[in-house]
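Participant: Handing you a structure now.
The values are calculated or read from the model by the stated rules, or taken from the named source; none is laboratory data. None of the values given here were measured: they were computed from a predicted structure. Methodologically, a virtual Cβ is constructed for each residue, glycine included, from the backbone with ideal geometry; neighbour enumeration extends over all protein chains shown.
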Amino acid sequence: MKLIGKVAIVTGSGRGIGKAIAKKFASEGASVVVNALHIEGASRVVGEIKNQGGIAIAIKADVANRADIHNLIKSTLENFKTIHILVNNAGIIRRVPLLEITEEDWDVVLDVDLKGVFNCTQAVLGHMMEQRYGKIINISSMSGVGFPGEGMANYAAAKAGIIQLTKATASEAGSYGINVNCIAPGLIVTEMTYFQRTKEEAERYIEGAKKRAALGCVGGPEDIANLALFLASDDSNFITGQVICCDGGIHR
Ligand code: NAD
């Protein structure tokens with residue numbers, strides 16, 4: 001077990017990739033804070049972790065809201081006394097052609113996907129610096145690395161911003177024994193894949209992604225959870241400020 005005695009917060013872990021990360025960390029011995037916008041999803045994941053003998057609590061918080069994040073960190077410290085690992089996973093997408101993006105479409109995506117990472121990182125960093133230990137893992141996207149698809153301007157801008165925020169945080173936190181890295185997933189089939197798409201459109205998109213990937217397939221949440229575990233564990237102690245594409249070889 002690679003995370004015995006560790007405390008981890010995984011944002012947006014009521015379903016999808018975050019849920020897989022939370023369950024993976026718990027199965028490796030971590031005490032996990034399952035954060036979500038809605039308590040029902042988070043509580044369900046906590047139930048699954050507990051059924052498997054793990055330790056977890058659910059905390060509702062909107063990553064875009066600084067007061068919520070202050071409370072998320074405070075409640076985590078009250079429950080578990082410390083925080084070793086933060087996974088900034090919460091994210092949303094709104095696929096809109098550039099000319100049709102409203103100010104609201106722009107703001108909501110940037111607020112959750114980019115400001116949310118800043119909010120959580122800033123809220124936890126002082127504590128990690130004091131204890132001179134921390135692992136921060138940010139979830140970007142292939143849309144933040146390469147050429148994004150149509151209707152992705154707001155999402156791609158936020159996800160690209162996460163990459164530079166990762167490097168900036170790694171620079172400032174490195175001398176305190178804190179590793180900060182970023183995962184850029186390719187197509188991972190989750191509810192997000194089907195959001196704003198018909199079933200047929202989603203299936204066409206999945207087939208297209210398979211053709212673009214060197215490995216000829218798309219990923220599942222477990223693929224990201226395995227990499228997150230490596231970055232959260234002491235196996236990655238000499239790695240910081242990096243972006244790792246976990247995309248079956250789309251970017252090559
Ligand atoms: P998902 O929609 O299944 O899950 C996203 C989670 O984030 C949900 O649990 C949701 O409740 C939570 N969330 C949304 N807004 C929030 C907020 N304001 N505060 C707290 N939680 C909030 O999506 P997913 O596919 O599991 O995506 C997880 C992350 O991976 C996202 O950051 C996404 O951008 C990124 N990503 C996904 C893919 C993919 O193909 N699925 C590819 C690249 C990157």
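Participant: Which of the residues spanning segment 18-67 are over 16 Å from L86 (Cα atoms) and of a type in the set (S, T, N, Q)?
Facilitator: Hits for segment 18-67 are S27, S43, N51, Q52, N65.
Participant: Consider G53 carefully, then state whether it is within 18 Å of the chain's Cα centre (by Cα) and modelled with pLDDT of 95 or more.
Facilitator: Here the answer is no, as G53 does not meet what is asked.
Participant: Would you tally the residues in segment 134-154 being surrounded by fewer than 19 Cβ atoms within 10 Å (Cβ to Cβ) and within 18 Å of Q242 (Cα to Cα)?
Facilitator: Number satisfying all stated conditions: 1.
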